[in-house]
Number of protein chains: 2
Amino acid sequence: MAAILTERRLFILKLVVQQFIETATPVASEALVRKFGLGFSSATVRNDMAALEDVGYLTHLHTSAGRVPTDAGYRFFVENLMDRTSLSLAEQRMIRHQFYQVRGELDQWIQLAGAVLARTAQNASLVTPPRAEQLRFKNLELISIHDTMVLVVLVFHGGIVKQQTFSVDTARSAEDLRRSASRISDCLIDMTMCQVEDVIAQDSLQATPCFGEFDHGVIDLVIHAMQTFEEQAREQIHSDGLLEMLSQPEFIPSLARDDAERAVERLRRALEILKSGRGLGQLIPQALASDGVQVIIGGEHGEDEMREYSVVLARYGVGGTVTGVLGVIGPTRMSYPRSISTVRYISSLMSNLLGDLYAGETRPPFEGDHQ
Amino acid sequence: MAAILTERRLFILKLVVQQFIETATPVASEALVRKFGLGFSSATVRNDMAALEDVGYLTHLHTSAGRVPTDAGYRFFVENLMDRTSLSLAEQRMIRHQFYQVRGELDQWIQLAGAVLARTAQNASLVTPPRAEQLRFKNLELISIHDTMVLVVLVFHGGIVKQQTFSVDTARSAEDLRRSASRISDCLIDMTMCQVEDVIAQDSLQATPCFGEFDHGVIDLVIHAMQTFEEQAREQIHSDGLLEMLSQPEFIPSLARDDAERAVERLRRALEILKSGRGLGQLIPQALASDGVQVIIGGEHGEDEMREYSVVLARYGVGGTVTGVLGVIGPTRMSYPRSISTVRYISSLMSNLLGDLYAGETRPPFEGDHQ
DNA sequence: CTTTAGCACTCACGCATGAGGAGTGCTAAG
DNA sequence: CTTAGCACTCCTCATGCGTGAGTGCTAAAG
């Protein structure tokens, strides 16, 4: 059985994968020689295909159906056979331009990244917001909305901003609020959540008169905000491009070779994955921990729900400061070259953008920002 | 032709609509008498159904299929026949509790409202963020991120906050930034976008030394932010509950009485509507302009894409200050009583929450708690 | 030993056919 | 006006068959 993978057989594998990615229909031996004008006959191709099937790179659902790549086949293709391309310069320029138009607005970057990934790779996309491993407090502003309502604007290192309203018993002047804010800011500056909690615990024990009742209310809110923020940071996945993915033939019943019921069920499944991020659980932290573009094909990571899907992920961000993950998700029959180059480009672009934001802030905190 | 709508016929219409809403299958005369133990025979029901069909409240696709309500039938049902219910107290309490948990975080309200609407009405939901007709400037903070990068936090009336980063040529001290911010804030306070533009135009003409170059940069950014904000305010529709809607039988091929292809096509259509808000265009401003819960059934508003969907909308917000729209969207065969009561409850809840935020800002702060 | 032509075989797909059944429309009697 | 009875319509599902694409195998040629 030990079939030998000659040069030609790998070439045929490459063609089969490419062809299947393009047409979404099982590829026949005859069709290959016709389309590519191969120098040998369809019978030869059939023999080679049979060999590739022995090794586990191809299958076919029944006799008299063309060949289809297996997960292992895709894997081999991605690692050894694929032409590594980049996005065209025109595309790159267009994407850069779009990001330029929303310069300064970080939340827009995320949205835009999702949209661009989806459009360019013609599949669904996912983007997690950039997060520091540990939120570090930077600044706090208190703005009166009216008598008993105060808006708290929390600024963390890395330009992460969170706003929250806060109701109080007695009205306070703007000047009062300002003083309170700078008192608290001075005290908490550069602290992580744990540190803030410690300080507060100490202050409570010693009943330092440093903070008033109002101040303590604000600080409680800060802690609460930091907690919830860190919690949901891990969960939060922004996804987009469902529509793009749905225009792939596997979701169009008339084109899907299995029946329409399947197509719908598949679709519902896809939606659930995207919405809840179920089945992606391990992938994100994994991608955060590694460099370069990761490709997870079909059932490779065990999640049964994902068996029909592949994911192309990359980390983006600055050093160890602030990082996120972005990627493309679609049927295993997706264009890996295109997805990979898209993900690679966008992640490096986002890294650069974030880099500008953080240039002065990374490790050496020499600028200190003392008020 | 001129069929008279007797009491009994209307009762039958009511039963047919309710039954169809419940089962999603055409309702047969025989089935009605059996299920409800009516005091008359199926033949009588058939006659009445025929009469209701003459008036245009029912149809059937072919002989030997049960009756199905038309858009007009649903309309009549909603306006005259429906039992007007409210959400159960337990449900209300649960919902209030969820909102309580995210008190203070306005963006979370919107997300939560969408999720709750979807879950409670078992259909898709849409929520627009609360917007003032005119953005009014309130406050501005400048926070240094690092040497050449400044974070601008804009606060508008009604607790609307927008943040943006801004790169500058020369580093500035925190004190410098603070003074600049308060200079600009003082000058622009309470202004609408147009007014800000006027002030700047005058200042430029007269070359008042009041603002420095840096200040002008910030103000340009303020104007730009206000513009884009107002523009995208109209567009921005937050939608949720696709999955809930998709669990309705019209989207499940094996249950849909037409073939599976249709179900998928329908689904794709629904997705497009929800994502882009196409087909909803006129509805939102319309809902903003009117009070109470609006029900738009099927093709009533002309948009062909929406022919198979109904929308239940309500305005929420405070007086003329700050308003948004929220609602439920689903197949025409949705439970109108439930959707309407859900939408009514959530909109009044959101109005109250916003009311608290604005109490001091609107004219006479009155507990608008009556629904 | 590899390649190739030839051919039988397999299996999905499309289409027609027919039985079964649900539900109506009509008619005539109560 | 109501209702029983019945013919009629038309969907649904299962069955069967022809068709064609594509393979697997075999035997001969390179």
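The values are calculated or read from the model by the stated rules, or taken from the named source; none is laboratory data. If you're wondering where the values come from, they're calculated on a predicted model, not measured in any experiment. Please note: Cβ atoms are built from the backbone with ideal geometry, for glycine as well, and neighbour counts cover all protein chains shown. Side chains are part of the model used for accessible areas, which takes the heavy atoms of the whole protein and leaves out ligands, DNA and RNA. Shrake-Rupley method; radii C 1.70, N 1.55, O 1.52, S 1.80 Å.
For the reader, a short list of remarks on this structure follows.
- Estimated vicinal HN-Hα couplings, Hz - region A:275-289 in sequence order (Karplus 6.51, -1.76, 1.60; Gly, Pro = x): 6, 9, x, 4, x, 9, x, 6, 4, 5, x, 4, 5, 5, 8
- Shown here is the pair-distance distribution of region A:7-81: with all Cα-Cα distances grouped in 10 Å bins from zero up to the longest one, the shares run 21, 61, 18 percent.
- The C-alpha atoms of chain A define a longest principal axis, and helix A:174-188 lies at about 60 degrees to it.
- Separation in nanometres of the label points that stand 7 Å from Cα toward Cβ, at residue B:179 and residue B:88: 6.5
- Shortest-first nm distances, residue B:224 label point to equivalent points in other copies (7 Å, Cα→Cβ): 3.6
- Solvent-accessible area, 1.4 Å probe, carbon plus sulfur percent, for region A:7-81: 51
- Burial annotation for region A:141-186: residues with an accessible-area loss of at least 50 Å² between the isolated chain and the complete set of protein chains, computed on heavy atoms with a 1.4 Å probe, are A:141, A:143, A:145, A:146, A:161, A:163, A:165, A:178.
- Occluded residues from region B:267-304, i.e. those whose accessible area drops by 40 Å² or more once the chain is not alone (1.4 Å probe): B:267, B:268, B:271, B:275
- For the pair A and B, total buried accessible area rounded to nearest 100 Å², probe 1.4 Å: 4500
- Here region B:137-234 exposes an accessible surface that is 49 percent carbon and sulfur, computed with a 1.4 Å probe and the other protein chains kept in place.
- Modelled label positions at residue B:308 and residue B:215, each set 7 Å beyond Cα in the direction of Cβ, lie 6.0 nm from each other.
- Rounded if a/c under 1.5, otherwise prolate or oblate - the protein assembly as shown, Cα gyration tensor axes: oblate
- Accessible area per residue for the protein assembly as shown, computed on protein heavy atoms with a 1.4 Å probe, is 45 Å².
- Label-zone membership for region B:219-250, site residue B:199, 7 angstrom Cα→C-beta point, backbone N under 17 Å: B:219-227
- Position residue B:254: other-copy label points at 2.6 nm, ordered by increasing distance, label point 7 Å along Cα→C-beta.
- Along its first, second and third principal axes, ordered by size, chain A spans 90, 43, 39 Å in Cα coordinates.
- Taking the Kirkwood radius as Rh and the Cα radius of gyration as Rg, region B:231-323 has a ratio of Rg/Rh equal to 1.02.
- What the Cα convex hull of region A:270-360 gives, in volume per residue, is 90 Å³.
- Only protein heavy atoms count here; under a 1.4 Å probe, residue B:138 has an accessible surface of about 40 Å².
- Euclidean distance of C-alpha centroids, region A:48-106 and region B:1-52, integer Å: 57
- Spin-label pair residue A:223-residue B:189: with each label point 7 Å from Cα along the Cα-Cβ axis, the two points sit 3.5 nm from one another.
- Equivalent-ellipsoid semi-axes for region B:137-234 (Cα gyration tensor, √(5λ), whole Å, largest first): 20, 17, 12.
- Rel. contact order, % - alpha carbon contacts under 8 angstrom, at least six apart, chain B: 19
- Share of carbon and sulfur in the accessible heavy-atom surface of region B:244-329 [1.4 Å probe, %]: 47
- Cβ-vector label at 7 Å, residue B:278, separations to other copies in nm: 3.1
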